[in-house]
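The values are calculated or read from the model by the stated rules, or taken from the named source; none is laboratory data. Here the structure is a predicted model, which means the values were calculated and not measured. In this analysis, Cβ positions are derived from the backbone assuming ideal geometry, glycine residues included, and neighbour counts consider all displayed protein chains.
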Amino acid sequence: MDIQEQLKTAIQQAIQALFNTTVDEVVLQPTKKEFEGLYTFVTFSLTKTLRQAPAQIGQAIGGWLLENSTIVSGFNVVQGFLNISIADAAWIEVLNDISANPTFGTLPAKPESVMVEFSSPNTNKPLHLGHLRNNFLGDSVSRILKANGYNVVKTCIVNDRGVHICKSMLAYKMFGNGETPESSGMKGDHLIGKYYVLFDKAYKAQVEEMVAQGTPKEEAEKKAPLMQEVQEMLRKWEQSDAETVALWQQLNNWVYAGFDATYRSIGVSFDKTYYESNTYLLGKEVVEEGLQKGIFYRKDDASVWIDLTEEGLDQKLVLRSDGTSVYMTQDLGTTDLKYQDFHNDRQIWVVGNEQDYHFNVLFAILRRLGRPYANGLYHLSYGMVDLPTGKMKSREGTVVDADDLIKETTEAAATAADEAAKGKLGEFSEAEKTELFRMLGLGALKYYLLKVDPQKRMQFNPAESVDLHGNTGPYIQYVHARIRSVLRRAASEGLGATGQGLNMGGELDPVEQQLIFLLSQYPQRVKEAGDDYAPSYIGQYLYELAKTFNQFYDKLSILKETDAVKADTRLILSRIVADTIRSGMELLGIDVPEKM
């Protein structure tokens with residue numbers, strides 16, 4: 001039963017009956033907390049047509065609904081706002097429908113397919129806090145789109161070649177002395193990240209020495225011996241020098257093993273991984289195609305460009321004068337390759353907002369080239385993540401590694417849970433406690449990074465993220481565990497739901513109505529989150545649902561209720577809330593505990 005659609009239809013009928021006028025669309029919004037009712041219809045837009053005051057229109061429509069609609073139990077008018085209350089029997093029917101629907105919150109299958117590309121790590125350093133926001137966003141958007149009925153493919157492109165990779169390679173060759181992940185006790189990605197930092201320190205020392213001897217800084221940065229060696233190492237790699245390629249493979253394999261361990265720990269996976277070492281030469285044939293079509297043009301120095309001033313952009317280089325690729329060339333070729341592999345209707349890139357211009361240009365070029373997929377391209381741009389200590393910098397070693405942050409957040413969650421439990425965690429085995437703390441730590445981290453609008457720059461505060469009383473993952477996880485505890489106690493006392501609450505009706509408290517109303521909104525919230533690629537919508541919804549359940553739990557008795565129908569209804573309602581929390585948290589990639 002869709003109360004909202006029934007109410008919209010009834011309002012249209014009321015306007016027709018009362019004013020002999022039709023309206024094509026009726027928009028409802030949730031009633032503000034300070035007023036009675038759950039749905040609000042705004043009448044201001046009708047005043048010009050009906051030539052009546054907004055409040056007068058609201059009174060007339062409200063009275064008609066009360067007399068003619070079985071789902072409306074009352075109304076009040078505040079200026080041009082008609083606030084409508086829904087009959088208990090209608091809410092019971094909604095609860096019945098939700099209870100009988102095992103796929104509640106999952107929308108019907110759609111014929112379209114969507115590719116979501118995210119993570120995009122470099123093999124010269126471990127995943128860090130910024131990567132976590134990227135991974136959590138990409139993974140959650142993939143889950144939400146799947147719940148919306150789309151066929152979803154998750155891809156990752158690894159930046160495994162180039163100057164930055166050679167910096168780590170050169171530093172390892174100079175300072176490594178055969179060190180391995182096993183001999184150092186470090187994960188492979190952390191080990192190689194260490195050498196990236198060592199290179200930067202040694203390089204800066206060379207530049208400072210050259211500047212002190214009178215070389216201009218810009219010239220020193222280009223001519224420093226270490227930078228010259230890095231450029232030479234890159235040339236050898238591109239020429240397939242055996243020793244250079246062997247070193248590159250060895251270090252990258254260590255990094256991949258480290259990445260895989262982190263991905264497993266955060267519950268992220270991919271359907272296909274692309275490697276820049278395999279794709280960096282792609283795109284030159286696209287440039288040739290563009291030249292033949294007159295979309296690109298060649299300058300006197302033989303470089304190839306495109307003029308995008310009509311799109312509000314500028315002139316963009318797509319091939320250097322020496323015939324070598326730029327990033328745009330590679331992306332043109334790689335985008336074609338991904339379409340050839342999967343023929344997706346949409347491609348979504350989860351990439352930080354510093355690349356907004358790059359993607360505007362990429363999409364504009366692909367539209368000019370007439371690619372069949374060009375109108376389905378989208379850049380899910382997100383803001384950077386800072387810590388209370390400030391901005392992070394990879395080269396200076398001030399980045400917070402993802403593994404370290406997960407460990408820190410898990411430890412903070414364990415401390416918070418211990419304090420809240422007041423000794424009750426003694427009932428848990430060590431293995432159960434380890435699993436609970438892992439769940440809470442990851443839940444805190446993911447929820448904190450996902451509850452914020454992706455486009456906003458944000459600050460991550462580990463201590464705040466594990467608070468069991470605020471808008472946090474552990475707070476929602478705790479509510480789920482609380483409900484499961486109530487349901488276990490009910491079952492042990494023989495109070496299991498018999499269905500009486502659904503079949504016999506009964507009066508509902510306003511907080512019960514509010515809970516059922518929120519539950520009825522879940523599929524719409526899932527749809528909106530999919531439409532806008534916004535996991536934050538799900539986070540906000542779950543917090544609202546969990547908070548409302550706590551109000552319900554504090555106000556009404558469940559296990560001690562003597563009225564069998566009311567007790568049964570509350571148990572059914574509690575179960576559905578728990579199931580919806582589990583479903584919604586799963587869309588965020590967060591597990592929920594059965595007990596805390």
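Of the residues examined, T548 is one that is more than 20 Å from Y448 (Cβ to Cβ) and surrounded by 18 or more Cβ atoms within 10 Å (Cβ to Cβ).
Checked against the criterion of being in a loop (DSSP other than H, G, I, E, B), touching a residue at least 24 places away in the same chain (Cβ under 8 Å) and crowded, with 20+ Cβ neighbours inside 10 Å, the candidates V255, V268, V318, V286 yield just one match: V268. Return yes when S485 is surrounded by 19 or more Cβ atoms within 10 Å (Cβ to Cβ) and either more than 18 Å from I406 (Cβ to Cβ) or modelled with pLDDT under 95 (or both) and no when it is not. Spelling it out, it is not the case that S485 is surrounded by 19 or more Cβ atoms within 10 Å (Cβ to Cβ) and either more than 18 Å from I406 (Cβ to Cβ) or modelled with pLDDT under 95 (or both). Applying the criterion of being part of a helix (DSSP H, G or I) and among the small types (G, A, S) to the residues of the stretch 217-245, the residue that is surrounded by the fewest Cβ atoms within 10 Å (Cβ to Cβ) is A242. A single member of A416, A431 is under 25 Å from G584 (Cα atoms) and assigned to a helix (DSSP H, G or I), and it is A416.
For the residues W305, W248, the requirement of being over 29 Å from H128 (Cα atoms), modelled with pLDDT of 95 or more, of a type in the set (F, W, Y) and surrounded by 13 or more Cβ atoms within 10 Å (Cβ to Cβ) singles out W305.
Here's the yes/no breakdown for (1) in contact with a strand residue (DSSP E or B) (Cβ under 9 Å, 6 or more places away or on another chain); (2) assigned by TED's automatic domain parsing to the domain that holds G258; (3) assigned to a helix (DSSP H, G or I); (4) of a type outside the set (S, T, Y):
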{"position": "Y172", "(1), (2), (3), (4)": "no, yes, yes, no"}
{"position": "D189", "(1), (2), (3), (4)": "yes, yes, yes, yes"}
{"position": "L198", "(1), (2), (3), (4)": "no, yes, yes, yes"}
{"position": "A205", "(1), (2), (3), (4)": "no, yes, yes, yes"}
{"position": "T215", "(1), (2), (3), (4)": "no, yes, no, no"}
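Exactly one residue out of Q540, Q514 is under 21 Å from I92 (Cβ atoms) and assigned to a helix (DSSP H, G or I), and it is Q514. Evaluate the stretch 81-104: report whether one residue or more is free of Cβ contacts under 8 Å to residues at least 60 places away in the same chain, part of a helix (DSSP H, G or I), closer than 30 Å to V526 by Cα and not hydroxyl-bearing (S, T, Y). So far as the stretch 81-104 goes, no, none of its residues is free of Cβ contacts under 8 Å to residues at least 60 places away in the same chain, part of a helix (DSSP H, G or I), closer than 30 Å to V526 by Cα and not hydroxyl-bearing (S, T, Y).
Taken as a whole, the condition of being without any contact (Cβ under 8 Å) to a residue 60 or more places away in the chain and either assigned to a strand (DSSP E or B) or closer than 19 Å to W91 by Cβ (or both) applies to S73.
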